[in-house]
Structures are given as structure tokens and as C-alpha cells.
Amino acid sequence: MAETTRGRARPAAATGAAPDPRTNGAAPVPGGNGAAPAAGAAPDPRADGAAPRRNGALVLAAAVVTVVLWASAFIGIRGAGPHFDPGALALLRMAVGTVALTVIALRRGVRMPSRRQWLLVAVWGVGWFCVYNLALNAAEHTLDAGTAAMVVNLAPLMVVVFSGLFLREGFPRPLLIGAPIAFAGVVLIGLNSTTKAGSIDIAGLLLALLAAVMYAGCTLLQKHLLSAGADATTLTWLGAAAGTVALLPWSGDLVGAVQTAPLDATLWVVYLGVFPTAIAFTTWAYVLQRSTAGQTSATTYVVPAIAILLSWIILGEVPTPLMFVGGALCLLGVLVTRLRWRRAEPTR
């Protein structure tokens, strides 16, 4: 029905007439306020939520790629670890990863962060790609895989707490319930995957704890940088480059390791650099930019469950029944943390 003024039809605007103040001079948007859609006009995709659904599907796909590739990293480390010391392994992995990230960044377009962020980017890169890798690789040389996994996976719980306190993400009930359930699954897997007898090495335990702290701290710092406007792909590339530079003191060890290591071990490190590093950290940044730090980090509790399945398929290591239960708890916990994403906020 056409608009009327005191019962009379409003005349069409003449050429040069003042624009309708309700539209700020812009042409009416089909389906928007103040104008009916033209006959046969295509519907606005925003009206039915198509764009949010598409973005949600992309975030979910990126999260799946991240956790699967990070789970596969445990297989790669098992294959390369005996032939590379922690520093040489981290350097070769990051050198390959940085080259792959350079290609990704150039294809997507490099958008440098502001100068006042450069120091934070360098600190984040050294912490995440140098210190974390060194600490984790060294810890796994002295601790069994189960103990190392339990300690390192304290990190998502740390992120949940500190993102709520410092990033003002709050403490959503699904996250507070789901994250501890998933961690209980990690503990159950860890208790049933001990491979070294004897007392726990204190130095290895401290290194695993350092890896957990770096994981949590770097996730929070990365979320801060992304929220401040840093481009996700460029940030990942710059951080990887900073971490690689920090690892250069291990160049001599790397040269010796490459000369003596079998080809399959070296290829495992190349795999670690391209897939769990370059690709997975790119998809991780994509998810982190579009989700809260707490929810994103809690999603990584799926990694141990996928890792035991990959170990079974690739290495022939049959999980115990309790490890299957632990994996189920990991999946259940992550599912609970995602309930807030799938359910609309209640109307008050």
C-alpha cells in the first residue's frame, strides 16, 4: 500500500528534490525499512541469516582442520624425534613452516600491523613458535607422552580463566562445564598411555608446564592482536618468521641432524612444517579471530582423542578401553562448550 499524507497519496519526488531524511539520501534497500521490495527482486540474503550460517560453517571447517592437523603432529614428532634434538627439530619445522606461510601470505595479500604492534607481534612469535616448541620437544624427551599431554593441556583451562578476566569474555556456563569435562578425558587418556616407568622427571615436568603457560599466554596475546585489527594471515606469518629467527642458534645441530637422519624422519619434519604449522596455525587464527579465546582453546581438547585414533590407524597402537572413554569425554566436553554457539541467547 502506498504511503499517504492525511488520506492523500504522496506525490513522487521531483528531480532535484531534497532526499528523504529516513534514507540519508540513499536508494531504498529492497526488503529494508521504509520501502517495499520491488516485484521480482531477489531477496536480501541478510534477511534469512544465510551469511551468518555460511560463516559459521567456515569457522567449524577451519576448527576441524586445525585439530586434525595438530593431532597428526604427534605422529610426526614420533617419527622424527629420535633423530633430531629439540632445537634442531623446532628450527627445521619452523623454517619449512615460514616458507609455506610466506606463500600463503603473498597469495592472500600482506597487511602489516601498525608499528606500535610490532614488539607485541615479535614477543608473540618468539613465545609461540620458539619457546613453546622447544619446551614441548624437550619435555617429550624426558616425560612419557601421557604425562606431557596432561600438563600441556592445562593451557585451555588457563585460557578460559584468563580470557574471562582480562579479555572480558566472561564465563559462559557451557564453557565452564565443558572444559573441565574435556580435561578429565585428557587425564584419563594420559593415565593409560604411560610409556616410561619410574618417577617423573622434575625438569621435564617444568618444561611441560612452561609449554602450557606459553600456549595460554600466546593464545591470549594473539586474540588481543587480532581484536586490535591485525590481519590473521600476516600475523601468523610474521610470528613464525620471528620464531624461526630466534631458533637460529640451533643451526649447527640441525646441519648435523639432517646429515645423519634417515630420509623418512626428515620428511616427517617437513610435514610438520607445512601442515600442523603453516596450514593449521592459519586456520587456528581464522577461528580465533571469529570466536572467543576460551571457546577456541577449549576446542583443542579434541586433539588427544583424534591423536589416539591416528596412532591406532597409522602406528598400530591399539588404545585401551579407558583411553576410548577418555576420548569420548574429550568430545563430549568440547560439544558442551559449543552449545552457546549453536543456541540463541535467551531474550530478556
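The values are calculated or read from the model by the stated rules, or taken from the named source; none is laboratory data. Note that the structure is a prediction, hence the values are computed from the model and not measured. Reconstructed Cβ throughout: ideal geometry from the backbone, glycine too, with neighbour counts over all protein chains shown. When the accessible area is computed, the model is the full protein with side chains, heavy atoms only, and any ligands, DNA or RNA have been set aside. Shrake-Rupley method; radii C 1.70, N 1.55, O 1.52, S 1.80 Å.
Going by the structure shown, is ALA51 over 28 Å from CYS330 (Cα atoms), at pLDDT below 90 and either in a helix (DSSP H, G or I) or in contact with a Phe, Trp or Tyr (Cβ under 7 Å, 6 or more places away or on another chain) (or both)?
Details: over 28 Å from CYS330 (Cα atoms): yes; at pLDDT below 90: yes; either in a helix (DSSP H, G or I) or in contact with a Phe, Trp or Tyr (Cβ under 7 Å, 6 or more places away or on another chain) (or both): yes.
Considered against the rule, which asks whether it is over 28 Å from CYS330 (Cα atoms), at pLDDT below 90 and either in a helix (DSSP H, G or I) or in contact with a Phe, Trp or Tyr (Cβ under 7 Å, 6 or more places away or on another chain) (or both), ALA51 comes out as yes.
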Inset, instruction - Could you please let me know if GLY204 is touching a residue at least 12 places away in the same chain (Cβ under 8 Å) and in contact with a Gly (Cβ under 9 Å, 6 or more places away or on another chain)? - result: no
Inset, instruction - May I ask you to list pairs of residues, at least six apart or on different chains, whose Cβ atoms are under 6 Å apart, with the first in segment 311-323 being closer than 12 Å to ILE189 by Cβ and the second being outside any helix (DSSP H, G or I) and of a type outside the set (Val, Ile, Thr)? - result: SER311/GLU317; THR320/ASN192; LEU322/ASN192; MET323/ASN192
Legend entry - Where VAL336 falls short, out of the listed (1) modelled with pLDDT of 90 or more; (2) open to solvent by 40 Å² or more (accessible area, probe 1.4 Å): (2)
Inset, instruction - Check whether at least one residue in segment 21-36 is in a helix (DSSP H, G or I), hydroxyl-bearing (Ser, Thr, Tyr) and at pLDDT below 95, and report yes or no. - result: yes
Legend entry - Residue match in segment 258-268 (condition: of a type in the set (D, E, K, R) and surrounded by fewer than 17 Cβ atoms within 10 Å (Cβ to Cβ)): yes
Legend entry - Matching residues, segment 315-342, being in a helix (DSSP H, G or I) and among the hydroxyl-bearing types (Ser, Thr, Tyr): THR337
Inset, instruction - Could you tell me whether segment 240-252 includes any residue that is in contact with a Leu (Cβ under 8 Å, 6 or more places away or on another chain) and outside any helix (DSSP H, G or I)? - result: yes
Legend entry - Matching residues, segment 80-94, being assigned to a helix (DSSP H, G or I) and either buried (at least 19 other Cβ atoms within 10 Å of the Cβ) or among the acidic types (Asp, Glu) (or both): ALA80, PRO86, GLY87, ALA88, LEU89, ALA90, LEU91, LEU92, ARG93, MET94
Inset, instruction - Report yes if some residue within segment 177-196 is over 19 Å from ALA298 (Cβ atoms), crowded, with 16+ Cβ neighbours inside 10 Å and at pLDDT below 85; otherwise report no. - result: yes
Legend entry - Candidate set from segment 115-157 (those that are of a type outside the set (A, V, I, L, M) and without any contact (Cβ under 8 Å) to a residue 40 or more places away in the chain); member that is nearest to PRO82 (Cα to Cα): TRP118
Inset, instruction - Please verify whether segment 55-73 includes one or more residues that are in contact with a Phe, Trp or Tyr (Cβ under 9 Å, 6 or more places away or on another chain), at pLDDT below 95 and of a type in the set (Ser, Thr, Tyr). - result: yes
Legend entry - TRP312 vs. criteria closer than 24 Å to THR236 by Cβ, open to solvent by 40 Å² or more (accessible area, probe 1.4 Å), assigned to a helix (DSSP H, G or I) and at pLDDT below 90: no
Inset, instruction - Under 8 Å between Cβ atoms, at least 6 apart or on separate chains: pull out the pairs that start in segment 86-107 with a residue that is over 16 Å from ALA265 (Cβ atoms) and end on any residue that is part of a helix (DSSP H, G or I) and at pLDDT below 95. - result: MET94/ASN133
